Amino acid sequence: MFQRLDDPKEIVGMIFLDIVYEIEPDMKKAFSIKQVPKAGMLRMPKFGGHISRFTELLDKTTNMLGFTENLAGALQLVRKSGRAHTSQGYLEANQHNFERNYFEIVMNVFNERFIPFLTGQEEKQIENTGSFYEPKEQEQMLEDPF
């Protein structure tokens with residue numbers, strides 16, 4: 001289903017923008033975009049690169065599960081991503097906060113907003129948000145494992 005989306009990165013970007021700009025603005029700290037206007041966030045290296053890598057993680061995971069049935073590989077990707085996130089100081093400090101668990105917030109918002117695109121219940125109706133920051137391959141490996 002993921003592969004049928006015209007531009008999944010636009011959809012993922014739109015959802016992440018809503019999360020950090022409207023739903024949980026405190027998450028701007030994690031991406032160093034506290035003072036950046038919404039229109040410029042996607043071009044910021046840390047935020048735009050994260051969206052690119054998250055979209056790639058979704059693509060690889062769905063390919064492993066859907067086409068090759070590589071359950072172990074998909075699980076390794078998800079575990080590697082999870083380990084990288086728990087080693088981030090800001091997220092580590094807030095992951096056990098019962099009022100604001102950022103992992104849970106992101107998961108719930110993606111369940112609510114991304115799945116309708118996958119099932120075809122929702123069509124992409126977003127304006128052009130501008131270009132994304134595209135991390136270089138070496139930069140990707142250093143910053144974020146997915």
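The numbers here are math on the coordinates, done by the rules we state, and not lab data. In this text the structure is predicted, and so the values were computed from the model without any measurement. So basically every Cβ, Gly included, is an ideal-geometry build from the backbone, and we count neighbours across all protein chains shown.
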Order 23-33, 71-81 from most to least packed using the mean count of other Cβ atoms within 10 Å.
23-33, 71-81
For the stretch 42-101, listing GluC sites (Glu not before Pro) in a DSSP loop whose Cβ sees at most 16 other Cβ atoms within 10 Å gives Glu69, Glu99
Which of the pairs Lys38/Lys60; Lys9/Lys60; Lys9/Lys38; Lys9/Lys46 have their Cα atoms more than 23 Å apart in this structure?
Lys38/Lys60
Where does the Debye-calculated log10 I(q)/I(0) of the stretch 33-113 sit at q = 0.18 Å⁻¹, using only Cα point scatterers of equal weight, no solvent?
-0.98
